[in-house]
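First the structure, in the form of structure tokens, and then the observations on it.
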Amino acid sequence: MSKPAVLLIGGLDPQGCAGLIADSQTVTVHGCHPVPLVTCLTQQTQAGLSHLGALEVSQFMNQYQACVADFDIAAIKVGLIPNLEIAQAVFAILKQHDVPVIWDPVLASTSGGVSVNGDIQKYLLKEMLGEITLLTPNSIELAQLTQDDNQTAAVEILLNNDLNACLVKGGHADSQWATDYYNDSNNYFYCYTDKLAKQVRGTGCVLASSIASNMALNHDIRDAIVLAKAYLTRGIREARQVGPYNVIAHSSADFELQDIPKLTYNENLVGRQFNFPSCPHRLGIYPVVDSSDWVKKLTEEGIKTIQLRIKHATDEQKHREIKQAISVCDDSVAFFINDYWQAAIEHQAYGVHLGQEDLDDANLVEIEQAGLRLGVSTHSYWELARALAINPSYIALGPVFETTSKIMPWTPQGLERVEQWTWLLGDAYPLVAIGGIDQKRAEQLHKTGVGSVAMISAITKAEDYKKVTRDLLQLWR
């Protein structure tokens, strides 16, 4: 499989800390091929940007023809645009490519000096937004573009001018957190990490290039942002001094958990730390069943973790089943209820399991105060980031394999992803693999090191559920 090519449009930093050099390093480490298209040959030092050095449009367009002559472009990242003529040429280029376009609107160097002409800002605002998949201004650039200091209102201005999505970088804000705000008209969230005490060159270039690379690799835009934020956080954490600068460290090694950002839909929950009780790190064989009768039968066979998932039941049926299920579980059984968190509190269950949609409506404070364990479903990196913000008792990843028990829009995760997340979460969170798991696949999953597998039909539809249960328990000891 050939590497995806990412077209990088921007300026050359003669000191190699930002611009096209930082872009190219980032794209290369992501396993993509960088195709740099130079807009300007800047003159900049730690004292600031002294000269933009814009290329002639004809020279710029001749470069472009060479860039695309032998490559199919999979994504485009745009950075420094020195004048209106180059901006118009870039607009013409973007209209020729039906690929993700990530634009980091560099309006001035962070070290000061010469800034970009206001005509470019006006042209971007009035003509180009519809061609951009994601705009990544910092809060200062956002205010300059829109003439509005209110972040939410300023983003709405851009979206109302045909922008597809905006990610406002908050790393320069005076806060404990480096919080970025995403909005695409249909979805919005806050993505945050601890702010590291380092001033590093080229962070905006690296973030946008990482997002472009991830999208070239077919990641969903939300996953692309979360993975890029992790890449940047690690790069800052491991940054080393070169001359007068701290420079991003580029690495293709697996991320550590400390690098994965947290994600919330509520700005007031940025930095909020929930404290749900812990549960055993290896939850083992974890059946998901639809009746108290199955809870009774499987706990009698030695199952120690089980979930009751009842769908399409009346309140009376729901409470009767939950009450009956709890009555057959002794203190050695971790009994979780799917979705019905209020009933789980009322009947004093061991815990509750919530899907991503359920999290929207659940009162996490009440669940926390009731002392229930909380398990959370995830299917992607951005959902993992949301789970990490909640700090649950365990995290479930699925579907690992194709499943018929539930219609899912997600591509199966596979054994490799389970192994990656088992290592990533380490001792911090128990990981439960779920989706399409039968006895043979459970044996494969056991080799990944994951501490638990959630199983549905493999047990309840088996010809001899007792034998299957005993065999699985033996495997997981």
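Give the residue, chosen from Lys229, Lys262, that is out of contact with any Gly (no Cβ under 8 Å at 6 or more places or on another chain), of a type in the set (Lys, Arg) and over 21 Å from Asp358 (Cβ atoms).
Lys229
Take Val418 and tell me if it is closer than 28 Å to Ser291 by Cα and surrounded by 14 or more Cβ atoms within 10 Å (Cβ to Cβ). No.
Could you tell me which residue of the stretch 287-345 is nearest to the chain's Cα centre (by Cα), considering only residues that are among the hydroxyl-bearing types (Ser, Thr, Tyr), part of a loop (DSSP other than H, G, I, E, B) and under 25 Å from Gly371 (Cβ atoms)? Lay out the reasoning, then the answer.
Taking the stretch 287-345 first, the residues among the hydroxyl-bearing types (Ser, Thr, Tyr) are 291-292, 299, 305, 314, 327, 332, 340.
Now restrict to residues that are part of a loop (DSSP other than H, G, I, E, B): 291, 314, 332, 340.
Filter again for under 25 Å from Gly371 (Cβ atoms), leaving 332, 340.
Details: Ser332: 36, Tyr340: 27 Å.
Per the stated criteria, the residue is Tyr340.
Only one entry of Pro36, Pro82 meets the criterion of being part of a loop (DSSP other than H, G, I, E, B) and closer than 29 Å to Gly243 by Cβ, and that entry is Pro82. Candidates Gly284, Gly243, Gly302, Gly235: the one that is within 20 Å of Thr193 (Cα to Cα) and either surrounded by 14 or more Cβ atoms within 10 Å (Cβ to Cβ) or touching a residue at least 12 places away in the same chain (Cβ under 8 Å) (or both) is Gly235.
For (1) touching a Pro at 6+ places or on another chain (Cβ under 8 Å); (2) assigned by TED's automatic domain parsing to the domain that holds Gly375; (3) at pLDDT below 95; (4) assigned to a strand (DSSP E or B), each residue gets a yes or a no:
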| site | (1), (2), (3), (4) |
| --- | --- |
| Val400 | yes, yes, no, no |
| Pro409 | no, yes, yes, no |
| Glu419 | no, yes, no, no |
| Ala428 | no, yes, no, no |
| Ala433 | no, yes, no, yes |
| Val453 | no, yes, no, yes |
| Arg470 | no, yes, no, no |
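Can you find a residue in the stretch 238-253 that is in contact with a helix residue (DSSP H, G or I) (Cβ under 9 Å, 6 or more places away or on another chain), aromatic (Phe, Trp, Tyr), not in a loop (DSSP other than H, G, I, E, B) and not assigned by TED's automatic domain parsing to the domain that holds Ala387? There is no residue in the stretch 238-253 that is in contact with a helix residue (DSSP H, G or I) (Cβ under 9 Å, 6 or more places away or on another chain), aromatic (Phe, Trp, Tyr), not in a loop (DSSP other than H, G, I, E, B) and not assigned by TED's automatic domain parsing to the domain that holds Ala387.
Assess whether Ala208 counts as being over 19 Å from Gln258 (Cβ atoms), among the small types (Gly, Ala, Ser) and part of a helix (DSSP H, G or I).
Here the answer is yes, as Ala208 does meet what is asked.
Take the conditions (1) among the small types (Gly, Ala, Ser); (2) more than 21 Å from Val418 (Cβ to Cβ); (3) in the same structural domain as Asn186 (by TED's automatic domain parsing); (4) surrounded by fewer than 18 Cβ atoms within 10 Å (Cβ to Cβ); Ala228 misses just one of them, which is (4). Residue count for the stretch 62-83 satisfying the condition of being loosely packed, with under 15 Cβ neighbours inside 10 Å and over 28 Å from His219 (Cβ atoms): 3.
The values are calculated or read from the model by the stated rules, or taken from the named source; none is laboratory data. Everything quoted here is computed from the prediction, not taken from an experiment. Virtual Cβ from ideal backbone geometry, glycine too; neighbours counted across all protein chains shown.
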